[in-house]
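The values are calculated or read from the model by the stated rules, or taken from the named source; none is laboratory data. Remember, predicted model here, so these are calculated numbers, not experimental data. Ideal geometry is used to build each Cβ from the backbone, glycine not excepted, and the neighbour counts take in all protein chains shown.
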Amino acid sequence: MRFTATGRIALQALRRNKLRSALTALGIIIGVGAVIAMVGIGNGAKAQVEAQIASIGQNVILVFSGSMTRSGVHSGWGGAGTLTVDDAQAIAREVPDAAAVSPEVRTFTQVAAGNQNWSSQVLGESADYFAIRQWSLADGTGFTDQDVRGATKVAVIGRTAARQLFGDESPVGQIVRIKNVPFTIVGLLTAKGLSVMGSDQDDVVVVPYTSGMKRIMGTTTLRAILVQTSDAGSLNLVQQQITALLRQRHRIGPGRDDDFTVRSQQEIADMATATAKVMRVLLGAIASVSLLVGGIGIMNIMLVSVTERTREIGIRMAVGARGRDVLLQFLSEAVTLSSLGGGLGVLLGVGTAKLLSAVAGWPTLISVSSIVIAFLFSAAVGIFFGFYPARKASQLDPIEALRYE
Amino acid sequence: MAAVIQLDDVHKTYDTGDVAVHAVRGVTLTIAAGDFAAVMGASGSGKSTLMNLIGCLDRPTRGRYALDGTDVSGLDRDALAVIRNRKLGFVFQNFNLLARTSALENVELPLLYAPDHLSPEQQRERASRALETVGLTNRAGHIPSQLSGGQQQRVAIARALVNEPALLLADEPTGNLDSQTGVEIMGVFQRLNDAGMTVVMVTHESDIAQFARRTIVMRDGVVITDAPVRGRTLAGGATS
């Protein structure tokens, strides 16, 4: 028996039971659809995380002030305030590959302009900050080293904060009051989107760190120091040199813990991608379960079908169908069902992913490889779950089968 | 004439656990080409088992069976399927047509499993010719539920003929038909037989057996009578 004939017989049999075939295929449609949509969401999330990591900047090392322990309670990074401006200057001076350094202070506080007010992240940074984070200005200019030295009351504002305070108006040249200190806005930042941790990076007002420390926060210590190395290759070296330098400056004896933390962008990236990967695997696993359930559905229906069509099998055997002809027929019915379901499932999955992107705003990324793999997998599900019923059919005794009522 | 069926001391024993059932206990039988034999007997006489053996649906426990000159007693399942496809045509009491499948497609069925692959057009043509033989050309597109019992049985006969078998095997072919339709079907058999087809038919109705040339009566797994039919009934159009 030729394959074309087998395929024709399979299609004929499926057509005879349209509703049942459709419902059986539905299991696979949903399974494949789920796999494609979920992997799409997972990939989208991964791509987003990667973009967020890139938004930290290139070859960036973050030095956080150590955590503070008081009565057994740890404060977060930067809580102890162990880093000083002198530390930052020492790094700039003594670590040769530290191309740019920005001391950082930050506070979450009320900012106001005119009759509008908004709670925003206020960052104190050096003039190098925008270069380190590869954050360009949409309008106006950044502040200068001079502004930093003079602790001028100038600010650069992020997109979200600007929209909240000024609506669609241009914020450049306007006055923003931070803790009742008026700052002149000199620049508007381009939008950067969500951070790795999920916060809105554009909800920000950046001022010179000197201004921030003196005029807003009244602090003498830093939360962190941002360091950019000249190239990716020197990241590890610079990390070691900073650690050695700061231990020396803070007079930390051998065997004692650092009172600061040095993290490279790569480490943060690894952490974040690991999280995204776990999520992708979880989503894929959940979706695969539904594909498995779909496969069991096929097996179930094929078993029913074999029982129901025992007489037909007997007739076919009586007129000369060999065991393998019958096996092939039922197997190709199962595979036809599952690959039809797979094809429709691909459409459903792509549609669902597009819908989620449009409605929920989730980024989805559908790769051709995930479509191909899901489709081939659905065909394989047909073979796997169709084999047992098909084998059962092929091993029927023709006499018994003909007598079956 | 050459023997189509040559049975030599054929036994069939079913092992049902505790007791061995001797369904056929030593049948020796020769049926020549062009013969028309009716196998008769009460239920439990072993006639159905004998039919299954002759039809290559089952293998004898002991003895030798040559079909159309080929020893088939030692063949495996798949080889028997090929023999059924090439040498045998089956007609059943309950027609055994595929439901929701047109008469023409039902007749084409054996061709799907034929070793010499015919093109779909050739298959269609062969099937049409077989339907013509039983006078159902105008019903080719009908599905079994749209056909009368007699028409369904004629479709089944066309299906049995489509591979040009050496032997036509019929198991109670008139059992589900009224007597007039039964006579019509016997007419078809007699016509085919007159044209040279060897026919073996199982029946428990003695008046149906009268359409055959020869009756073989079985009891308790052995042949007790094997005699030519005297005063054969003719369904019309057939010659003695």
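List of remarks:
- Selected residue [of a type outside the set (Phe, Trp, Tyr), surrounded by 18 or more Cβ atoms within 10 Å (Cβ to Cβ) and over 17 Å from the mean Cα position of the chain (by Cα)] from B:Met186, B:Met201, B:Met218, B:Met197: B:Met218
- Any hit, segment A:306-320, residues being more than 14 Å from chain B (Cβ to nearest Cβ) and more than 20 Å from A:Arg8 (Cα to Cα): yes
- Near pairs, Cβ below 7 angstrom, 6+ apart or cross-chain, from segment B:76-87 (within 13 Å of A:Asp325 (Cα to Cα)) to any residue that is assigned to a helix (DSSP H, G or I): B:Arg77/A:Gly323; B:Asp78/A:Gly323; B:Ala81/A:Met317; B:Asn85/B:Pro110
- Residue list for segment B:203-240, filter: in contact with a Leu (Cβ under 8 Å, 6 or more places away or on another chain) and among the β-branched types (Val, Ile, Thr): B:Ile216, B:Val223
- Of the numbered criteria (1) touching a residue at least 60 places away in the same chain (Cβ under 8 Å); (2) more than 44 Å from the chain's Cα centre (by Cα), the one A:Arg280 fails is (2).
- Meets criteria (aliphatic (A, V, I, L, M), out of contact with any helix residue (DSSP H, G or I) (no Cβ under 7 Å at 6 or more places or on another chain) and more than 14 Å from every other protein chain (Cβ to nearest Cβ)) for A:Ala54: yes
- Condition check for A:Arg324: within 14 Å of chain B (Cβ to nearest Cβ) and surrounded by fewer than 19 Cβ atoms within 10 Å (Cβ to Cβ): yes
- Condition broken by A:Ser211, with the remaining ones in (1) part of a helix (DSSP H, G or I); (2) surrounded by fewer than 23 Cβ atoms within 10 Å (Cβ to Cβ) satisfied: (2)
- Within the option set B:Ala127, B:Ala79, being under 16 Å from A:Ala318 (Cα atoms) and small (Gly, Ala, Ser) holds for one residue only, B:Ala79.
- Of the residues making up segment B:46-64, those that are out of contact with any helix residue (DSSP H, G or I) (no Cβ under 6 Å at 6 or more places or on another chain) and not β-branched (Val, Ile, Thr) number 11.
- For the residues A:Gly173, A:Gly198, A:Gly187, the requirement of being modelled with pLDDT of 85 or more and assigned to a loop (DSSP other than H, G, I, E, B) singles out A:Gly173.
- Residue within segment A:233-247 that is over 30 Å from A:Ala390 (Cβ atoms), in the same structural domain as A:Ala88 (by TED's automatic domain parsing) and in a loop (DSSP other than H, G, I, E, B) present: no
- Segment A:118-137 - residue that is of a type in the set (Gly, Ala, Ser), in contact (Cβ under 8 Å) with a residue 40 or more places away in the chain and part of a strand (DSSP E or B) and, of those, surrounded by the most Cβ atoms within 10 Å (Cβ to Cβ): A:Gly124
- Within segment B:82-138, considering residues that are among the polar types (S, T, N, Q) and under 20 Å from the mean Cα position of the chain (by Cα), the one farthest from the other protein chains (Cβ to nearest Cβ): B:Thr133
- B:Leu192 falls short on exactly one of the conditions (1) in a loop (DSSP other than H, G, I, E, B); (2) crowded, with 16+ Cβ neighbours inside 10 Å, and that condition is (1).
- Considering segment A:1-114, the qualifying helices (runs of 4 or more DSSP H), each wholly inside and each with 2 or more residues that are at pLDDT below 85, run over A:3-16, A:18-56.
- Search result, residues across segment B:154-182 that are buried (at least 20 other Cβ atoms within 10 Å of the Cβ), away from chain A (no Cβ under 14 Å) and either over 18 Å from B:Ile54 (Cβ atoms) or free of Cβ contacts under 8 Å to residues at least 60 places away in the same chain (or both): B:Arg154, B:Thr174, B:Leu177, B:Gly182
- Any hit, segment B:60-75, residues being more than 10 Å from chain A (Cβ to nearest Cβ) and under 14 Å from the mean Cα position of the chain (by Cα): yes
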